[in-house]
Number of protein chains: 2
Amino acid sequence: MNVNFNNRDPVYVQVVRHFKEQIATGMLEPGQEIPSRRELANKLKINPNTAQRAYKEMEEAGLIHTERNLPSKITRNEKTLGAVREELIAGAVDSFVAAIRPINVSLDEIVGLIQDKYEMESKEEGGYE
Amino acid sequence: MNVNFNNRDPVYVQVVRHFKEQIATGMLEPGQEIPSRRELANKLKINPNTAQRAYKEMEEAGLIHTERNLPSKITRNEKTLGAVREELIAGAVDSFVAAIRPINVSLDEIVGLIQDKYEMESKEEGGYE
DNA sequence: CAGGGTGTATTAATCGATTAATACATATTT
DNA sequence: AAATATGTATTAATCGATTAATACACCCTG
């Protein structure tokens with residue numbers, strides 16, 4: 001459990017994204033238990049309400065479900081889980097294309113640049129500033 | 001002169017980006033005059049101060065220069081101008097790769113998706129929501 | 001039963017960036 | 001000279017999201 005926070009996005013959004021990435025890569029499996037709000041808050045040094053906010057978003061998205069005061073669990077709805085990966089990928093692709101299209105870059109050049117960057121090992125975290 | 005504003009980024013940032021795109025694609029040439037702050041504000045239906053804010057950013061970035069109260073002009077520094085295109089492209093690539101890497105997608109799949117999306121004519125403006 | 005752990009809801013504070021209002025000096029034009 | 005357009009600076013208002021404080025109901029366990 002380790003989230004690299006940046007300063008531009010809200011914390012709860014970054015927490016949600018972190019869980020989505022875990023789901024997308026299969027690190028979190030259907031039915032798996034996740035930490036309690038307060039436990040997560042402790043681990044990440046964030047306010048418990050912020051953790052709750054993140055979990056609430058995930059609950060409403062159907063990614064987790066919660067019964068009474070038992071540990072929340074990743075949903076067993078495989079369709080929902082599969083869609084997470086697609087959503088993350090499509091979101092990244094869409095915003096990339098929206099950003100690059102107005103610049104009139106050839107497809108070949110784009111592909112080359114992405115390949116180069118993608119193959120680099122990522123020493124630096126946090127992406128583009 | 002037509003900027004499709006979105007609701008998430010500050011207006012002045014979007015204005016700056018619009019000019020950078022114009023520079024990157026050669027629509028704005030070295031030495032070319034650009035509208036006055038107030039004129040731009042009128043065209044885009046924004047506050048003159050917002051236009052000024054955008055121009056100030058560009059001035060500080062060396063993209064435009066202003067003498068007294070004459071129309072501001074695109075810089076003639078070709079190096080600066082060329083860097084704009086590179087900066088826009090690198091920014092898009094970097095943030096895309098940062099977003100996609102944690103999801104463990106194969107390079108082939110990524111490239112395929114980008115090609116598909118990029119070749120689509122863009123009926124919808126505004127990118128991914 | 002008491003205590004500590006849960007999830008949840010309501011409300012408030014914070015906090016900063018963004019936008020706008022206003023004024024000023026200059027220059028050009030009529 | 002007056003009027004109008006320019007760029008610029010200073011200051012203030014707005015505005016909203018995000019975060020935090022607090023309280024409550026529940027349940028299990030010792």
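Every number in this text was worked out from the coordinates using simple rules, so none of it is lab data. Bear in mind the structure is a predicted one, so any value in this text is a computation, not a measurement. Heads up, the Cβs are rebuilt from the backbone with ideal geometry, glycines too, and the neighbour counts pull from every protein chain shown.
Would you check if there is a residue in the stretch A:120-127 being on the phi < 0 side of the Ramachandran plot and either crowded, with 18+ Cβ neighbours inside 10 Å or in a helix (DSSP H, G or I) (or both)?
No, the stretch A:120-127 has no match at all.
Listed by first and then second residue, the pairs linking a residue in the stretch B:49-65 that is touching a residue at least 12 places away in the same chain (Cβ under 8 Å) to a residue that is in a strand (DSSP E or B) and away from DNA strand D (no atom under 11 Å from the Cβ), with Cβ atoms under 8 Å apart and 6 or more places separating them unless they lie on different chains, are B:L63/B:I74; B:I64/B:I74. On inspection, A:E57 qualifies as part of a helix (DSSP H, G or I), under 15 Å from the mean Cα position of the chain (by Cα) and over 30 Å from B:G112 (Cα atoms).
With the structure loaded, tell me whether A:L40 is assigned to a helix (DSSP H, G or I), of a type outside the set (S, T, N, Q), under 26 Å from B:R101 (Cβ atoms) and touching a helix residue (DSSP H, G or I) at 6+ places or on another chain (Cβ under 7 Å) or whether it fails that test. For A:L40, the condition - assigned to a helix (DSSP H, G or I), of a type outside the set (S, T, N, Q), under 26 Å from B:R101 (Cβ atoms) and touching a helix residue (DSSP H, G or I) at 6+ places or on another chain (Cβ under 7 Å) - is met.
Inside the stretch B:29-48, can you point out the residues that are within 16 Å of the chain's Cα centre (by Cα) and either touching a residue at least 60 places away in the same chain (Cβ under 8 Å) or over 22 Å from B:V84 (Cα atoms) (or both)?
Taking the stretch B:29-48 first, the residues within 16 Å of the chain's Cα centre (by Cα) are B:29, B:34, B:40, B:44.
Passing the criteria: only B:L44.
You will find that of B:E67, B:E109, the residue that is farther than 22 Å from B:N2 by Cβ, part of a loop (DSSP other than H, G, I, E, B) and out of contact with any Ser or Thr (no Cβ under 8 Å at 6 or more places or on another chain) is B:E67 and no other. Inside the stretch A:49-60, can you point out the residues that are within 15 Å of DNA strand D (Cβ to nearest atom) and either more than 24 Å from B:A98 (Cα to Cα) or not acidic (D, E) (or both)? Result: A:N49, A:T50, A:A51, A:Q52, A:R53, A:A54, A:Y55, A:K56, A:M58, A:E60.
B:T80 passes every criterion in (1) over 23 Å from B:N4 (Cα atoms); (2) of a type in the set (V, I, T); (3) within 15 Å of DNA strand D (Cβ to nearest atom) apart from (3). Can you say whether A:A83 is small (G, A, S) and in contact with a Leu (Cβ under 9 Å, 6 or more places away or on another chain), as far as the supplied structure shows? So A:A83 does not fit the description; no. If I filter the stretch B:67-74 for residues that are within 14 Å of another protein chain (Cβ to nearest Cβ), aliphatic (A, V, I, L, M) and buried (at least 20 other Cβ atoms within 10 Å of the Cβ), do I get at least one hit? No: zero hits. Of note, B:E87 does not satisfy the criterion of being more than 15 Å from the chain's Cα centre (by Cα) and either surrounded by fewer than 20 Cβ atoms within 10 Å (Cβ to Cβ) or away from DNA strand D (no atom under 16 Å from the Cβ) (or both). Counting only residues that are exposed (fewer than 13 other Cβ atoms within 10 Å of the Cβ), within 15 Å of DNA strand D (Cβ to nearest atom) and away from chain A (no Cβ under 14 Å), the stretch B:5-30 holds 1 of them.
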